[in-house]
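Visitor: Here it is, the structure in full.
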Amino acid sequence: DTAVSQTPKYLVTQMGNDKSIKCEQNLGHDTMYWYKQDSKKFLKIMFSYNNKELIINETVPNRFSPKSPDKAHLNLHINSLELGDSAVYFCASSQGERGLAFFGQGTRLTVV
Amino acid sequence: SQQGEEDPQALSIQEGENATMNCSYKTSINNLQWYRQNSGRGLVHLILIRSNEREKHSGRLRVTLDTSKKSSSLLITASRAADTASYFCATASNSGNTPLVFGKGTRLSVIA
């Protein structure tokens, strides 16, 4: 059973579109994250959710919005996609903010 | 930011040799974690070392932590071609509401 699963794995879309990436974890963790990995492989934290409350919101454009329907899910919605949004987005979860993080397989987003 | 910085950025060795990667960080930490990322995949956690620990082993991996120098090292002994991947350190803060912060990674190539 996959611990952290995110869908889709690949997403190709046009500029200006709105898209969502889904993430689910079955580990019972209380904290979930979204990271963006750019072409240089740098991992940047975007959002962190603890018990369904946003606790960190780094300086990401407000076109990006995390949505957590319950403790096991943290979806990422992106409005008005831009070319610079092209990257690999990773969902992760951990027990508390200091615990080992379990990552999904990533979603490669390409905006054309 | 207490972002970790790995050194070197890239490392190429022969199979059977040892590989050493270093990580430096800026502020006080609760623990430091090492992760591995195979090409096109998500990150997988390798080992966590707490701030009160100095050394930890797991199989062919040895991690050291020097909090006075704010640095850590990951040693992979008797490397194999399958160890080829990117390796990241991540720091967990003592402060609340602070997610894991990742460094830029070391790209390890093990040549058979």
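The values are calculated or read from the model by the stated rules, or taken from the named source; none is laboratory data. Not measured: the values here are computed from a predicted model. Quick reminder, even Gly has a Cβ in these numbers, built from the backbone with ideal geometry, and neighbours come from all protein chains shown. These accessible areas exclude ligands, DNA and RNA; they are computed on the full protein's heavy atoms, side chains included. Shrake-Rupley method; radii C 1.70, N 1.55, O 1.52, S 1.80 Å.
Visitor: Enter the mean number of other protein chain beta carbons within 10 Å of the beta carbon of each residue in B:100-109, as an integer.
Guide: The mean count of partner-chain Cβ atoms within 10 Å per residue comes to 4.
Visitor: Over chain A, what percent of the accessible surface lies on carbon and sulfur atoms, probe 1.4 Å?
Guide: 48
Visitor: Under 13 Å from the Cβ of residue B:17, count the other residues' Cβ atoms, weight Lys and Arg +1, Asp and Glu -1, and hand me the total.
Guide: With Lys, Arg at +1 and Asp, Glu at -1, the net is 0.
Visitor: Of A:14, A:4, A:31, which is farthest towards the positive pole of chain A's charge dipole, taken about the Cα centre with +1 and -1 on the beta-carbons of Lys, Arg and Asp, Glu respectively?
Guide: Result: A:14, furthest along the dipole toward the positive end.
Visitor: Further, regarding this structure: How crowded by other chains is B:29-41, given as the mean number of beta carbons from other chains within 10 Å of each beta carbon?
Guide: If you average over the peptide's residues, the count of other-chain Cβ atoms is 2.
Visitor: Something else now. For chain A, which span is the longest to avoid every loop-located (per DSSP) member of trypsin sites (Lys or Arg not before Pro) having at most 16 other Cβ atoms inside 10 Å?
Guide: In chain A, the maximal stretch lacking such sites is A:64-112.
Visitor: For chain B, what is the relative contact order in percent, using Cα pairs closer than 8 Å and at least 6 residues apart in sequence? Kindly include the intermediate steps, with their values, before the conclusion.
Guide: Working: 292 pairs, mean separation 42.8, N = 112.
Over chain B, the number comes to 38 percent.
Visitor: Of B:96, B:42, B:16, which is the most mobile in a GNM of chain B whose springs link Cα atoms less than 10 angstrom apart?
Guide: B:96
Visitor: Still on this structure, I have one more. What distance in nm separates the simple spin-label points at residue A:17 and residue B:77, each placed 7 Å from Cα in the Cβ direction?
Guide: 5.1
Visitor: Assigning unit charges at the beta carbon (Lys, Arg +1; Asp, Glu -1) and nothing else, what dipole magnitude in debye, to the nearest 20, does chain A show about its Cα centre?
Guide: That gives a dipole near 240 debye.
Visitor: Can you give me the distance in nm between label points at residue B:39 and residue B:69, each placed 7 Å from the Cα along the Cα-to-Cβ direction?
Guide: 3.3
Visitor: Using the Cα centre as the reference, give the magnitude of the dipole from point charges on the C-beta atoms of the protein assembly as shown (Lys, Arg: +1; Asp, Glu: -1; all else neutral), rounded to the nearest 20 debye.
Guide: 100
Visitor: What is the distance in Å between the Cα centroid of the range A:39-112 and that of the range A:1-28?
Guide: 10
Visitor: Right, another one. What is chain A's relative contact order, in percent, from Cα pairs under 8 angstrom and six or more apart in sequence? Please list the in-between numbers first.
Guide: Working: 276 pairs, mean separation 41.8, N = 112.
In percent, rounded to a whole number, it is 37.
Visitor: Also, I was wondering about something else. Give me the percent of the accessible area of the range B:5-111 that comes from carbon and sulfur atoms, probe 1.4 Å, all protein chains in place.
Guide: 44
Visitor: Treating cross-link reach as a plain straight distance, find the lysines whose alpha-carbon is under 28 Å from the alpha-carbon of residue A:40, omitting any fewer than eight places away in the same chain.
Guide: Partners within reach: A:9, A:19, A:22, A:67, B:26, B:69, B:70, B:104.
Visitor: Using a 1.4 angstrom probe, figure out how much accessible area chain A has per residue, in square angstrom, rounded to the nearest whole.
Guide: Numbers: 5480 Å² over 112 residues.
With the other protein chains kept in place, chain A gives 49 Å² per residue.
Visitor: Only Cα pairs within less than 10 Å get springs; with that Gaussian network setup on chain B, which residue of B:92, B:19, B:81 has the largest fluctuation?
Guide: For chain B, modelled as a Gaussian network with Cα springs under 10 Å, the answer is B:81.
Visitor: Between residue A:54 and residue A:82, what FRET efficiency comes out of the Förster formula 1/(1 + (r/R0)^6) with R0 = 25 Å and r the beta carbon distance, rounded to 0.05?
Guide: On the way: r = 23 Å, r/R0 = 0.90.
My answer for the efficiency is 0.65.
Visitor: What's the FRET efficiency of residue A:40 with residue B:20 using the Cβ-Cβ distance as r and R₀ = 25 Å, to the nearest 0.05?
Guide: Computed FRET efficiency for residue A:40 and residue B:20 comes out at 0.65.
Visitor: Separate question: How many Å² of accessible surface get buried when B and A come together, counting both sides, probe radius 1.4 Å, rounded to the nearest 100?
Guide: 1900
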